[in-house]
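Please treat every number below as a calculation from the coordinates, not as lab data. If you're wondering where the values come from, they're calculated on a predicted model, not measured in any experiment. When we count neighbours, we look across all protein chains shown, and the Cβ atoms used for this are built from the backbone with ideal geometry, even at glycine.
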Amino acid sequence: MHAENSLKTTQGGERKNAIILLSGGLDSITVLALAKRQGYDCYALSFDYGQRHNAELEAAKNIAQHYRVLEHKIIRLGLDSIGGSALTDAHIEVPQSPQEGIPVTYVPARNTIFLSFALGWAEVLNVHDVFIGVNAVDYSGYPDCRPAFIEAFQTMANLATKAGVEGHKIQIHTPLIALSKAEIIAQGIGLGVDYASTVSCYAADRQGRACGRCDACRLRKAGFAQAGVPDPTCYR
């Protein structure tokens with residue numbers, strides 16, 4: 001569905017729309033639910049970037065449909081052509097135990113690339129708000145999930161765009177960045193989020209069943225346990 005006939009406006013007459021980076025995982029569905037609660041009509045942006053499985057993209061499609069987003073784009077990126085990550089290179093195994101430092105599941109420059117596409121689409125749509133579910137508390141140590149990265153990208157975004165130069169600044173929203181996984185889950189439950197519809201696992205099978213052992217699964221399991229919420233994840 002396209003937004004031309006469905007645009008919300010603020011009292012000042014400005015469009016109240018946002019772009020949500022939607023992976024199909026636990027964090028991104030929470031961000032979408034939060035943005036909807038805040039009164040935004042949402043566009044959803046997902047990426048087929050050469051990851052090991054498409055289960056999360058199938059989840060993203062269903063989530064976008066459930067939340068009746070204005071439009072959902074899935075953009076094909078060939079990050080598997082450069083590899084360098086266990087998520088994009090079949091020759092690198094997904095770790096089944098915690099790693100020191102930045103793990104091999106880090107995808108080089110992924111959030112920089114994703115946000116750049118969101119920035120471009122925001123200019124095309126005349127949208128000034130972009131939401132991303134990065135988190136710097138219970139996370140795998142990726143450098144592009146830190147507040148310093150978001151701040152730097154925010155500065156760049158308004159220097160590099162026509163919208164920014166003309167005074168229509170684009171804001172990058174990171175509502176989960178300082179929350180624990182348990183706090184994110186508790187917030188999502190309060191918003192009525194169905195976490196059974198999400199896929200977080202780095203090595204999910206074609207049916208979307210989680211391995212239960214990768215870093216993403218461990219963080220997710222611990223989050224539900226600490227939040228005192230039954231884990232609805234389908235494990236294989």
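Which one, V165, F153, V137, is farthest towards the positive end of the dipole of region 131-194 when Lys and Arg carry +1 and Asp and Glu -1 on their Cβ?
V165
Could you size up the charge dipole of the chain around its Cα centre, putting +1 on the beta carbon of Lys and Arg and -1 on that of Asp and Glu, and report it in debye to the nearest 20?
The calculation lands at about 360 debye.
Nearest-5 percent of antiparallel DSSP beta bridges in the chain?
Roughly 5 percent of the beta bridges in the chain run antiparallel, per DSSP.
Mind giving me the FRET efficiency for R37 and L77? R0 is 25 Å, r the Cβ-Cβ distance, nearest 0.05 is fine.
Approximately 0.25, to the nearest 0.05.
What would the Debye equation give as log₁₀ I(q)/I(0) for the chain at q = 0.07, 0.08, 0.11 Å⁻¹, counting only Cα atoms as equal point scatterers?
Reported log10 I(q)/I(0), two decimals: -0.22, -0.28, -0.54.
Of all GluC sites (Glu not before Pro) in region 133-236, which ones are in loop regions per DSSP and have a Cβ with at most 16 other Cβ atoms within 10 Å?
E166
Looking at region 17-227, how many pairs of lysines come closer than 24 Å at the Cα, when each pair is eight or more places apart or spans two chains?
10
Before anything else, pin down the relative contact order of region 17-227: Cα pairs under 8 Å, at least 6 apart, normalised by residue count, whole percent.
With pairs under 8 Å counted, the relative contact order is 26 percent.
Taking 7 Å along the Cα-to-C-beta vector as the label spot, tell me the A160-Q65 distance in nanometres, rounded to one decimal.
3.4
Per 10 Å bin, what is the whole-percent P(r) computed from every C-alpha pair distance within region 105-150?
For region 105-150, the binned pair fractions read 26, 49, 22, 3 percent.
Measure nothing but the geometry: give the 0 to 90° angle between the long axis through the Cα atoms of 215-227 and the longest principal axis through the Cα atoms of the chain, rounded to 10°.
Value to nearest ten degrees: 80.
Binning every alpha carbon pair distance of region 17-81 at 5 Å from zero, what are the percents per bin?
Each 5 Å bin holds this share of Cα pairs: 4, 20, 31, 23, 13, 7, 3, 0.
Out of I185, I113, I19, any idea which swings most in a Gaussian network model of the chain, alpha carbons joined below 10 Å?
So, out of I185, I113, I19, the one fluctuating most is I113.
DSSP loop GluC sites (Glu not before Pro) in region 37-134 with at most 16 other Cβ atoms within 10 Å of their Cβ, which ones?
E93, E100
Treat the count of other C-beta atoms within 10 Å as a stand-in for reagent exposure and order D194, D80 from fewest to most.
So the ranking, lowest neighbour count to highest, is D194, D80.
Report the gain in length on full extension from Q171 to E58: 0.36 nm times residue separation, minus Cα-Cα distance, nm rounded to one decimal.
In short, 37.9 nm is gained.
Give me the log10 of I(q) over I(0) for region 142-236 at q = 0.15, 0.16 Å⁻¹, as the Debye formula computes it from C-alpha points; what are the numbers?
-0.74, -0.79
Determine the equivalent ellipsoid of region 85-177 by diagonalising the alpha-carbon gyration tensor, then write out the semi-axes as square roots of 5 times the eigenvalues, largest first, rounded to whole Å.
30, 14, 10
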